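Colleague: Got a structure for you, questions after.
The values are calculated or read from the model by the stated rules, or taken from the named source; none is laboratory data. Just so we're clear, the structure is a prediction, and the values are computed from it rather than from any experiment. Methodologically, a virtual Cβ is constructed for each residue, glycine included, from the backbone with ideal geometry; neighbour enumeration extends over all protein chains shown. Accessible surface areas use protein heavy atoms only, side chains included; no ligands, DNA or RNA. Shrake-Rupley method; radii C 1.70, N 1.55, O 1.52, S 1.80 Å.
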Amino acid sequence: MMAGVLGITDIWTYVLGTVAIVLLPGPNSLFVLSTAAQRGVAAGYRAAGGVFVGDGLLMVLSAAGVASLVQAYPPIFLVIKYIGAAYLGYVGLTMLRGAWRRWRTRNDPAAPRLIDAAEPAAMRSPFRKALVISLLNPKAILFFVSFFIQFVDPGYAWPALSFLLLGLIAQVTSVLYLTALIFTGTFLAAQFRRRHRLAAGATTGVAALFLGFSLKLATASA
C-alpha cells in the first residue's frame, strides 16, 4: 500500500483530521476571505499564497525537528504566541481604523467603495501580511507540532517522503478551501460596492474578530 511504503501510519485518519482542522475558522482563512472581498480574486490568491508559503515553512521546520524543540522548551512557544497575539491585534486595529474612515465617507458618492480603502499603504501587501499571520498562527504551529508528526513512522528509512506526502495533502486541502473563500469574498465585494454602510460594518466585524483572536490567544493557557 502507498501509505505503508511512504511510512505513513494511518493516512485516512490524517486526511479526515486535516480537513476538520482546515475548516476551523482562524485568522488565516478570515484574512484571505476579507482580502478577496476587499480587492478581488487576484489579491485573494496573493493572500492565499502567503498562507501556503507560511504553512510550507512550518512543515519544513517540523520535518527538521524544530517541532520537537518547541515541545521540549515551552517558553519558545509562549514567545511565538504573544508575538502572534500582538500582530493579530495590530491587524484588527488597522482594519478598525479603516472602517471608521469608511463610515465617515459613507455618504460621499466619490469615495472608494472597497472596504479597505482607508488602510495605510504599508498594510496593502496581502502576501506579506498573510505570510506573517500564518507563521505566527498557533493553530498552524500546534497542528505541525502535535498532529502532523504523529503519522510518520519513525522506523521508516525515508521520512522526508512521508512528510512530503502529508504536507501535500494539507496544502491541497487548504487550496480547495481558500479558493472557495476567495470566490465567496468576490460575491461579498459586489455587495460592498453598492452599500457603503455594509462595507463599513463588514470591516468593523472583521476587525472585531481579529481583536478577538488576539485576546483569546494572549489569555489562553499554554
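Colleague: Considering only protein heavy atoms, what is the solvent-accessible area of Y156 at a probe of 1.4 Å, reported in Å² to the nearest 10?
Modeller: Roughly 40 Å² of Y156 is accessible to a 1.4 Å probe.
Colleague: Could you sort D55, D10 by their accessible area in this structure, using a 1.4 Å probe and putting the largest first? Can you show the working numbers first?
Modeller: Details: D55 20, D10 70 Å².
Heavy-atom accessible area, descending, gives D10, D55.
Colleague: Multiply the residue separation of V41 and L161 by 0.36 nm, subtract the distance between their alpha-carbon atoms, and state the gained length in nm to one decimal.
Modeller: Numbers: separation 120, 0.36 × 120 = 43.20 nm, distance 3.31 nm.
Between V41 and L161, full extension yields 39.9 nm more.
Colleague: Can you give the FRET efficiency to the nearest 0.05 for S125 and T13, using r as the Cβ-Cβ distance and R₀ = 41 Å? Write down the numbers at each step before the final one.
Modeller: On the way: r = 38 Å, r/R0 = 0.92.
Step by step, r from the Cβ atoms, then E = 0.65.
Colleague: Hey, another quick one. Could you work out how much longer the chain between Y90 and L24 gets when fully extended? Use 0.36 nm per residue separation minus the Cα distance between them, nm to one decimal.
Modeller: Values: separation 66, 0.36 × 66 = 23.76 nm, distance 2.23 nm.
Using 0.36 nm per residue and subtracting the Cα-Cα distance, I get 21.5 nm.
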